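Structure first, then comments.
The values are calculated or read from the model by the stated rules, or taken from the named source; none is laboratory data. All figures in this text were calculated on a predicted structure; none of them were measured in a lab. Neighbour counts run over all protein chains shown; Cβ positions are idealised from the backbone, glycine included.
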Amino acid sequence: MSTRITCIIVDDEPAALAQLVRYVEKTPFLELVGAFNSPLEVLAHLQTHAAPQLILLDIQMPELNGLDLAKALPPEVAIIFTTAFEQYAISGYKVNALDYLLKPIDYAEFLAAVGKAKGRQEKAAAPAAEGTDYLFLKSEYLQLKVNLPEIIYIEGLKDYAKVYLTTAPRPVLSLISLKKLEETLPVDRFMRIHRSFIIALDKIDQIERSQVIIQDRRITVGEQYREAFQAFLERRSP
């Protein structure tokens, strides 16, 4: 199975655009499917072509800037911003950018950034490729099979995690860190919204101000997770 990532580049500076084209073409796991001088060209292209998996996107451009284009892209497109203006870093992450590269960009920095897109693609593809929808968690002397659709939310307690399930009256207590679970669970179905909580996105009942309500539990969305959670809400709101 191919792991090549389809990629387009958007930059109104010819030299910067040419450099990124060279970088993409020398990276084995990237496939260049378009290079554009303006966001408007990208929007026209997407009317007749499938969205790429990755976009390398300049921010400061005439007519329509990169931040506005990012908000118009399908949520599955990974975004790496490329800009000469450092003050845009925080704004970039408000639209859930995968990474941010400050010009002039060297190849090592570029490779590290696009490597994140490759890792995300492989992680998202792994469950489907292997046909798995479960994981095994160590609980006391057992390895318990936990079906992902049964997970409601997970609470971290130092080196342990309490996994709350739809099929069990008590949570499963496992010797595993929340960080490890966050890295293991599919990102399209689970999200860390607090330093102590990961939630199953399809189990959300209500959202009240900065709190997520799941069954009878209220979980506050931590400050460092609010931008990513807000981006999720915007993708799911008509």
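Side notes on the structure shown:
- All positions within segment 60-85 that are farther than 24 Å from Leu233 by Cα and either buried (at least 17 other Cβ atoms within 10 Å of the Cβ) or of a type in the set (A, V, I, L, M) (or both): Met61, Thr82, Thr83, Ala84
- For segment 41-59, a residue qualifies if it is without any contact (Cβ under 8 Å) to a residue 40 or more places away in the chain and within 18 Å of Ala16 (Cα to Cα), and the qualifying residues are Glu41, Val42, Ile59.
- Those residues of segment 184-209 which are farther than 14 Å from Ala161 by Cα and at pLDDT below 90, in sequence order: Pro186, Val187, Asp188, Arg209
- Of all residues in segment 144-162 being outside any helix (DSSP H, G or I) and among the charged types (D, E, K, R), the one that is nearest to Ala200 (Cα to Cα): Glu155
- Note on segment 1-23: among residues that are among the β-branched types (Val, Ile, Thr) and touching a residue at least 60 places away in the same chain (Cβ under 8 Å), the one that is nearest to Asp106 (Cα to Cα) is Ile5.
- So Tyr160, is it over 22 Å from Asp133 (Cβ atoms) and of a type outside the set (A, V, I, L, M, F, W, C): yes
- Extreme residue, farthest from Pro171 (Cα to Cα), among residues of segment 98-147 that are modelled with pLDDT of 90 or more and either touching a Lys or Arg at 6+ places or on another chain (Cβ under 7 Å) or small (Gly, Ala, Ser) (or both): Ala108
- Scanning segment 33-59 for residues that are among the aliphatic types (A, V, I, L, M) and surrounded by 19 or more Cβ atoms within 10 Å (Cβ to Cβ) yields Val42, Leu54, Ile55, Leu56, Leu57, Ile59.
- Count of segment 197-227 residues which are small (Gly, Ala, Ser) and either buried (at least 17 other Cβ atoms within 10 Å of the Cβ) or on the phi > 0 side of the Ramachandran plot (or both): 1
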